[in-house]
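Okay, so here's the structure we're looking at.
The values are calculated or read from the model by the stated rules, or taken from the named source; none is laboratory data. It should be emphasised that the depicted structure is a prediction, and the values quoted were computed from it without experimental measurement. Don't worry about glycine lacking a Cβ; one is built from the backbone with ideal geometry, like all the others, and counts go over all protein chains shown. Accessible surface areas use protein heavy atoms only, side chains included; no ligands, DNA or RNA. Shrake-Rupley method; radii C 1.70, N 1.55, O 1.52, S 1.80 Å.
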Amino acid sequence: MNTHTHSLLQALNAQQQAAVAAPNGPVLVLAGPGSGKTRVLTHRIAWMLAEMRVAPWHVLAVTFTNKAAREMRARLDKMLGDDSAKSLTIGTFHAACARILRREAEAAGLSSNYLIFDTDDQLSVMKQVVKDLGLDDKRYRPNALLNAISAAKNELLPPAAYPVQTYYDEVVKRAYTRYQETLRKNDGLDFDDLLMETAKLLRSADLVRDKYRGRYRYLLVDEFQDTNMAQYVILHLLAQEHRSLYVVADEDQSIYSWRGADYRNIQRLRTDFPELQQHLLEENYRSTQVILDGAQAVIAHNNDRTPKHLFTRGHGGDRITLHEAYDEREEADYVVREIMTLARSGYTYSDIAVMYRTNAQSRALEETCVRYNIPYRLIGATRFYARKEIKDVLAYLRLAQNPDDDVSFARVVNVPPRGLGARTLDTVAQAANVLSGSRYQGALHLLETGTLANRAAQALKGFVGLMIRWQKLRAEVSVAQLLDAILADTGYEGYVRDGSDDGESRWENIQALRAVVADAPGITLPEFLTDVALVADIDELSEEVRAVTLLTLHSAKGLEYPVVFLTGLEEGLLPHSRSLDSPQQVAEERRLLYVGMTRAEKRLYLSYAFRRSWGQYGSSGDPSAPSRFLSDLPDAVLDRPRRAQKKAAVTTSSGVRSWGVSWQDSAVRTPDARKTERTPAPAPQLQYRQGQRVRHTHYGEGIVLESQLDGRSEMVTVLFTNGIGAKRLLASMAPMEPISAH
């Protein structure tokens, strides 16, 4: 081994060295979080060029972001010290496919000048498709149709092969067909087409496939667990001849199934390449051993994964702090006060991240940061009060307060769509100019004089009528009741809940706004709008400002911070309510928590609320259940602070009184309880059996359809006999008793 080659391995640990210097052929590197996977991938490329004498133009390395591709190339430029890195092909899947389709456009049946339609372009096309097909856009939401089409393309299903089992499927198939025709007519491809058309080309055109197999003899893939079926097929087609496929992955960090990612591609790789070499990267360079032990205890309950023992050379570390808050406001207050304490102890604000499952959870945190003058920045999301749906609802409220607010009028006069076109709105604006008044006054004038055509006049009359109603209503009801009336009058819920995950997230944001006004029953509309404006007008922070980072768990992938707070660890939030009917989705929610925990370097805080005034549990009086994942954490890694006071009794909607008792032990323990703590907990047993009759305090009698363990928690599916139907319940929290043994 020459000196240059030896230097490539010198700074690596034993597992990394074995992975970098693996013999040619298919290789799977399973890399735990913080184990140096990017270092291994770049060193592998350098090793191939230096030791294996691979020509750089035969190498194709694919990543999932342009940023990752740029960083990989920069590292290789520095490592190699010559121009060889310039001949490497490094980029995203979509960029690589776009390049192939440009070069092979004729064989693919495309124009070499095709356009790539972005998200907004796609939505515009689909809106026109819905209109052309005569569909009701409230029943067949353009975004929902696009999501269904994207899922089909990820599975390489063209319109003709789209499976039809329901009438909705038939509508999707028709929309898919017309959508593709429209794209082709405009010489366009969307992002999913780049993958699907490349896979189709490589499958059908032997000469093209052989050409690229000869060109890209060595394939390397980062974040392989995030590939979808189309991406897997492309890789498989290119690698079949030379069989030099090197992938880095971690099943435990697969959190993007909603984008089409399929961690089962790892098993497909093992099946299609039986000679596959496997290497584990288990030494962690990021987190303390305490944090790693906690994260591994959580993820160990998932199936279909390769067990790994994550370790670090630095032993110990501070215990993971677990906090039960009374509600989301107390939770935010606790987090911000802890941040202030950490700042006094030597941490900077930029050392600290606060993570949560849904965007709506940022609202309480943002407001509390403002109150305590803590600088913050949001990653992967718009500030709460700057989100479109929030700005729309606030515009309605502002019009109830001041109908002459032209900015708010222009924003929502046709939101949701009321059939008011640009020409009509221009006429309204011109009338306002003539009167030297507001657009509201211009609209009134046009309606009084009968200037507008009948259809436009009726649409404008409807909106003005709502404004007049809200102005009268504001003097008679609370802000919360006014908000409810506005949402009902406008049909805004149906407008935002379009069948997509994004639509559900937008509605959750509106529920969070509703909770703000509900928690301040005496506040007036002017006071509320003033308070909101003070938060909404905060300037965006520049990159140079030291600030606490607020972000969703999905945005946290690939990031790391000395201190991490994970908030909202409750049933219905994490795992999210939309995942509870699917064991596979619950497993992904567990992976999401694992990703969040392993972002922390030195300190990790976990928190949940005894009650939350929005979300899965409905009314603000209902208690929340701590996330089932928390019960998997061993006592040895946890620091459970004593509660400040006993919670007051709360009556739930089902009539059950709760004293805030959670799964964690009481702060004051008897000698017998302390003795029990030193004894390993017995294996959990199922309380309910299939076919057993039970009685629920609220839902009445039912029959157990299924009962199964998820970690140490029992999930029970019960078919209630009074017309309610099937419900999936957490046994430890369900007010339910058996009325038969079987």
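Descriptive notes on the structure:
- Count of the stretch 96-147 residues, restricted to those that are part of a helix (DSSP H, G or I) and under 22 Å from Pro417 (Cβ atoms), is 20.
- Pairs linking a residue in the stretch 167-188 that is at pLDDT below 95 to a residue that is part of a helix (DSSP H, G or I) and open to solvent by 60 Å² or more (accessible area, probe 1.4 Å), with Cβ atoms under 8 Å and 6 or more positions apart or on different chains, are Arg178/Asp132; Thr182/Gln128; Gly188/Asp121.
- The residues of the stretch 720-742 that are surrounded by 14 or more Cβ atoms within 10 Å (Cβ to Cβ) and modelled with pLDDT of 80 or more, listed by number, are Met736, Pro738.
- Strands (runs of 3 or more DSSP E) fully within the stretch 292-410 counting 1 or more residues that are under 21 Å from the mean Cα position of the chain (by Cα): 352-356, 376-379
- Selected residue (criterion: farthest from Pro274 (Cα to Cα)) from residues of the stretch 16-35 that are of a type outside the set (A, V, I, L, M) and under 27 Å from the mean Cα position of the chain (by Cα): Gly34
- From Arg591, Arg599, Arg603, Arg578, residue being under 21 Å from Glu706 (Cα atoms) and either charged (D, E, K, R) or at pLDDT 95 or above (or both): Arg578
- Selection count where residues are touching a Phe, Trp or Tyr at 6+ places or on another chain (Cβ under 6 Å) and in a helix (DSSP H, G or I), scope the stretch 177-194: 0
- Residue check: Asp351 meets all listed conditions (1) free of Cβ contacts under 8 Å to residues at least 24 places away in the same chain; (2) closer than 18 Å to Val564 by Cα but one, namely (1).
- Residue check, Asp404 among the acidic types (Asp, Glu) and open to solvent by 60 Å² or more (accessible area, probe 1.4 Å): yes
- Selection count, the stretch 469-495, where residues are touching a residue at least 60 places away in the same chain (Cβ under 8 Å) and in contact with a Pro (Cβ under 9 Å, 6 or more places away or on another chain): 8
This table checks each residue for (1) surrounded by fewer than 23 Cβ atoms within 10 Å (Cβ to Cβ); (2) β-branched (Val, Ile, Thr); (3) within 27 Å of Asn66 (Cα to Cα).
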residue: Glu181; (1), (2), (3): yes, no, no
residue: Ala199; (1), (2), (3): yes, no, yes
residue: Ser204; (1), (2), (3): yes, no, no
residue: Arg209; (1), (2), (3): yes, no, yes
residue: Arg213; (1), (2), (3): yes, no, yes
residue: Leu220; (1), (2), (3): no, no, yes
residue: Met229; (1), (2), (3): yes, no, yes
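- Selection from the stretch 58-70 of residues that are at pLDDT 85 or above and either in a helix (DSSP H, G or I) or more than 35 Å from the chain's Cα centre (by Cα) (or both): His58
- The set of residues in the stretch 86-105 being without any contact (Cβ under 8 Å) to a residue 60 or more places away in the chain and within 21 Å of Glu181 (Cβ to Cβ) consists of Ala105 alone.
- First in the stretch 140-157 and touching a residue at least 12 places away in the same chain (Cβ under 8 Å), second anywhere and of a type in the set (Asp, Glu) and open to solvent by 20 Å² or more (accessible area, probe 1.4 Å), Cβ under 6 Å, 6 or more apart: Ser150/Asp192; Lys153/Asp192
- Pairs, first free of Cβ contacts under 8 Å to residues at least 12 places away in the same chain in the stretch 385-400, second surrounded by fewer than 20 Cβ atoms within 10 Å (Cβ to Cβ), C-beta under 7 Å, six or more apart: none
- Test: Pro583 is more than 25 Å from Leu394 (Cβ to Cβ), open to solvent by less than 10 Å² (accessible area, probe 1.4 Å), modelled with pLDDT of 85 or more and not hydrophobic (A, V, I, L, M, F, W, C): no
- Summed over the stretch 306-327, the residues that are touching a Lys or Arg at 6+ places or on another chain (Cβ under 8 Å) and open to solvent by 30 Å² or more (accessible area, probe 1.4 Å) give a count of 3.
- Total residues in the stretch 245-287, condition under 23 Å from Gly34 (Cβ atoms) and assigned to a loop (DSSP other than H, G, I, E, B): 11
- Test for Met52: is it in contact with a strand residue (DSSP E or B) (Cβ under 8 Å, 6 or more places away or on another chain) and either in a helix (DSSP H, G or I) or over 17 Å from Leu310 (Cβ atoms) (or both): no
- Looking across the stretch 240-273 at every residue that is free of Cβ contacts under 8 Å to residues at least 40 places away in the same chain and over 23 Å from Tyr212 (Cα atoms), the one that is most open to solvent (accessible area, probe 1.4 Å) is identified as Arg259.
- When Asn303 is tested against (1) under 14 Å from Val564 (Cα atoms); (2) out of contact with any Lys or Arg (no Cβ under 9 Å at 6 or more places or on another chain), only condition (1) is not met.
- Residues within the stretch 420-444 that are closer than 17 Å to Asp405 by Cα and open to solvent by less than 70 Å² (accessible area, probe 1.4 Å), tallied: 11
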